[in-house]
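Heads up: the structure comes next, in structure tokens.
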Amino acid sequence: MAFALEKQAVAAGLSDSMVPSPFRVQRVRKETYDTFTLELEPANGADGFPFAAGQFNMLYAFGVGEAPISISGDPTKPQTLVHTVRAVGAVTQAICKLKRGDVLGVRGPLGNHWPVEEAVGSDVVIVAGGIGLAPLRPALYHLLSNREEYGRIALVYGARTLQDMLYKPELERWRSLFDLEVKVTVDTAPASYRGNVGVVTTLIPRVQFDPSQTVALVCGPEVMMRFAVRELESQGVEPENIFISMERNMKCAIGLCGHCQFGSAFICKDGPVFCYAEIEPFFAKREI
Ligand SMILES: Cc1cc2nc3c(=O)[nH]c(=O)nc-3n(C[C@H](O)[C@H](O)[C@H](O)COP(=O)(O)OP(=O)(O)OC[C@H]3O[C@@H](n4cnc5c(N)ncnc54)[C@H](O)[C@@H]3O)c2cc1C
């Protein structure tokens, strides 16, 4: 079916960037009660495609629709495409129901990326909330594979509850590294829990970095990103060195339809990653 769709779209004169390529599900891992990580490989034996940390794909559940989903895998292993999807509506629920061997459509890679090259020589602080850890994971893979190029690296991650926490085995592995500082927190926990309880921004003053030479990468719910930016600024990180990844509903994802307009930018093609200094004037306005 996927191949027929592809042929029809090409025959109709649609550009390649609007035509989904068929990918087959190789593996599904349940992260939480509503979030799944899918490993995909090209269904037609083609090569995978290279991507940069922070980019996303449009995933097409046949007969249901498309949704923008960040690539959450390792940029050095592009043959397997990895996505972590939280089931919130029709498309994401359909994607989360896919099983090994099922096929879905993929358009991408789309959008820009985290400034991991520009951050060489700096300390890097990663601030993630909820599913926001998914688009940041490829950036962390990059930093860890090129560890000697960076100063201190810290990951602070907040989830609503322990049950909502993504990538638990990997978080434990990262926590065991001596040259990476990892702190996690949950918004609420049973009284018997002895870990951090509270919003993720409370962890920022508790990790080590030199604010005068720090690049911060932030992704999570918008309200969390607002408070994270405020805390980073109060620690002395310059707005020019704070990067956030924005979400809006999308349709074409290639800068044509205007669904994801954000001030004068389109999130799909000018983002999703934005330098906070550039979007500061309209970031605080909810309606934009
Ligand atoms: C660049 C980008 C990267 C993303 N990466 C991921 C990812 O890695 N994993 C993941 O699970 N999700 C990600 N999302 C969000 C995902 O695209 C939406 O959850 C999805 O489009 C919802 O589609 P649906 O048909 O399942 O739900 P719908 O029926 O469209 O909506 C269900 C509910 O979710 C809300 N909603 C829909 N789209 C969005 C959105 N983009 N932002 C906030 N709320 C929304 C709606 O208001 C509604 O309340 C990303 C979004 C963008 C723009």
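The values are calculated or read from the model by the stated rules, or taken from the named source; none is laboratory data. Bear in mind that the values here come from a model prediction, so they are computed numbers and not experimental data. Ideal geometry is used to build each Cβ from the backbone, glycine not excepted, and the neighbour counts take in all protein chains shown. Areas reflect the complete protein model, heavy atoms only, side chains present, ligands, DNA and RNA absent. Shrake-Rupley method; radii C 1.70, N 1.55, O 1.52, S 1.80 Å.
Count the net charge of all other residues whose Cβ sits under 10 Å from the Cβ of Asp179, scoring Lys and Arg as +1 and Asp and Glu as -1. Present the calculation step by step, with values, prior to reporting the outcome.
Values: positive: Arg147, Arg152; negative: Glu148, Glu181.
That works out to 0.
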Probe 1.4 Å, accessible area per residue of the range 49-126, Å²: 38 Å²
Dipole-positive endmost among Tyr157, Gly195, Gly220 within the range 141-282 (Cβ charges, Cα centre): Gly195
Normalised contact order of the chain, rounded percent, pairs of Cα under 8 Å and 6 or more residues apart: 16 percent
Pairs from Lys30/Lys251; Lys97/Lys251; Lys168/Lys251; Lys168/Lys269; Lys99/Lys168; Lys77/Lys99 whose Cα-Cα separation, in the structure shown, is over 24 Å: Lys30/Lys251; Lys168/Lys251; Lys168/Lys269
Beta bridge orientation in the chain: antiparallel %, DSSP, nearest 5: 60 percent
Cysteines having no other Cys beta carbon under 4.7 Å from their own, within the chain: Cys96, Cys219, Cys260, Cys268, Cys275
Structure-based [θ]222 nm, the chain - -39500 (n - 2.57) summed over DSSP H runs of at least 4, per residue, nearest 500: -6000 deg cm²/dmol
Simple Cβ-charge dipole of the chain, Lys/Arg +1 and Asp/Glu -1, about Cα centre, in debye nearest 20: 1120 debye
Fully extended contour minus Cα-Cα distance, from Thr161 to Gln213, at 0.36 nm per residue: 15.5 nm
Two-site label geometry, Arg173 and Thr76: point separation in nm, points 7 Å out along Cα→Cβ: 1.2 nm
Cβ charges +1 (Lys, Arg) and -1 (Asp, Glu), total dipole of the range 174-281, debye: 460 debye
